[in-house]
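Visitor: To start, I am sharing the structure in question, which I have written as structure tokens.
The values are calculated or read from the model by the stated rules, or taken from the named source; none is laboratory data. As the structure is a computational prediction, the values presented were derived from the model and not from experiment. Don't worry about glycine lacking a Cβ; one is built from the backbone with ideal geometry, like all the others, and counts go over all protein chains shown.
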Amino acid sequence: MITIAIVEDLDEVREGLKHFLSLDTDLKVIGVYKDGIEAVGEIIRTRPDIVIMDINLPGISGIDCVVEVRKLSTEIQFMMFTVYENDEKVFQALQAGASSYILKSNGLPHIIEALKELYVGGSPMSANIARKLVNAFQQRPKVTSADARDVLSSREAEILDLLAQGLLYKEISCQLSISTHTVRQHIHRIYEKLHVQNRTEAINKVYRKEKGV
């Protein structure tokens, strides 16, 4: 069972999300908080597997919450769940230590699959957030002296492109007519070949923007 904490200042969103997640037997909500300062202390005490974190909170921001918790624990994973999609907020959250960034506009059904993907080592992003990452890093595909794409098979390169578009594992499996287990195996090999830990690092390495150096 995946343990979840929710940090959200809007009562209707917080309670609605808690109720929705409780309908899935693989998930267990062990804490709900509406204040950033309270959330930090309780998250460190209860150690949930994943924290669903809003950005605009009373006390301290959701991004600052991530920073404070990560100082004491690198095992707790953070999923930003917010209305903010401007570049600054996205990059601040990921630099702070969030591994996932889902927009509230995507709706609740999307978040359950994203939580499960995050738990097994994925880094789910809303499609337009993933596109922002690509746009930020991409002028043309380039990695050091050897193009990273050269170490990937055609299928692995295809899956990486779909990851960059923000697709979840389940969505990739449907599009390519393969099982989610096979998708996970391919992604594991991609990460091994690129020497990265997650989707964001893979996108950074393959699509990073040249900076004139």
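Visitor: I'm checking my understanding of the structure. Among residues of region 1-50 that are farther than 16 Å from L115 by Cα and of a type in the set (D, E), which one is surrounded by the most Cβ atoms within 10 Å (Cβ to Cβ)?
Guide: Out of the qualifying residues, it is E8.
Visitor: Does region 94-119 hold any residues that are surrounded by fewer than 18 Cβ atoms within 10 Å (Cβ to Cβ), touching a residue at least 40 places away in the same chain (Cβ under 8 Å) and either of a type in the set (S, T, N, Q) or touching an Asp or Glu at 6+ places or on another chain (Cβ under 8 Å) (or both), and which are they?
Guide: Within region 94-119, I112, Y119 qualify.
Visitor: Only one of A98, A114 is assigned to a helix (DSSP H, G or I) and at pLDDT 90 or above. Can you tell me which? Spell out the reasoning first.
Guide: Details: A98 fails: assigned to a helix (DSSP H, G or I).
Just a single option satisfies the conditions, and that option is A114.
Visitor: Have a look at L118, L72 and point out the one that is closer than 29 Å to K28 by Cβ and touching a Pro at 6+ places or on another chain (Cβ under 7 Å). Walk me through it before giving the result.
Guide: Numbers: L72 fails: touching a Pro at 6+ places or on another chain (Cβ under 7 Å).
Exactly one residue qualifies, and that residue is L118.
Visitor: I've got another one for you. For region 165-181: of the residues being part of a helix (DSSP H, G or I), without any contact (Cβ under 8 Å) to a residue 12 or more places away in the chain and out of contact with any Ser or Thr (no Cβ under 7 Å at 6 or more places or on another chain), which is surrounded by the most Cβ atoms within 10 Å (Cβ to Cβ)?
Guide: Among residues in region 165-181 that are part of a helix (DSSP H, G or I), without any contact (Cβ under 8 Å) to a residue 12 or more places away in the chain and out of contact with any Ser or Thr (no Cβ under 7 Å at 6 or more places or on another chain), the one surrounded by the most Cβ atoms within 10 Å (Cβ to Cβ) is E171.
Visitor: Within region 4-50, track down each residue that is part of a helix (DSSP H, G or I) and under 23 Å from R70 (Cα atoms). Spell out the reasoning first.
Guide: To start, the set of residues in region 4-50 that are part of a helix (DSSP H, G or I) comprises 11-22, 36-46.
Residues satisfying the conditions are R14, G36, I37, E38, A39, V40, G41, E42, I43, I44, R45, T46.
Visitor: Another question about this same structure. Checking L57 against (1) closer than 14 Å to D9 by Cβ; (2) assigned to a helix (DSSP H, G or I), which single condition isn't satisfied?
Guide: Among (1) closer than 14 Å to D9 by Cβ; (2) assigned to a helix (DSSP H, G or I), the lone unmet condition for L57 is (2).
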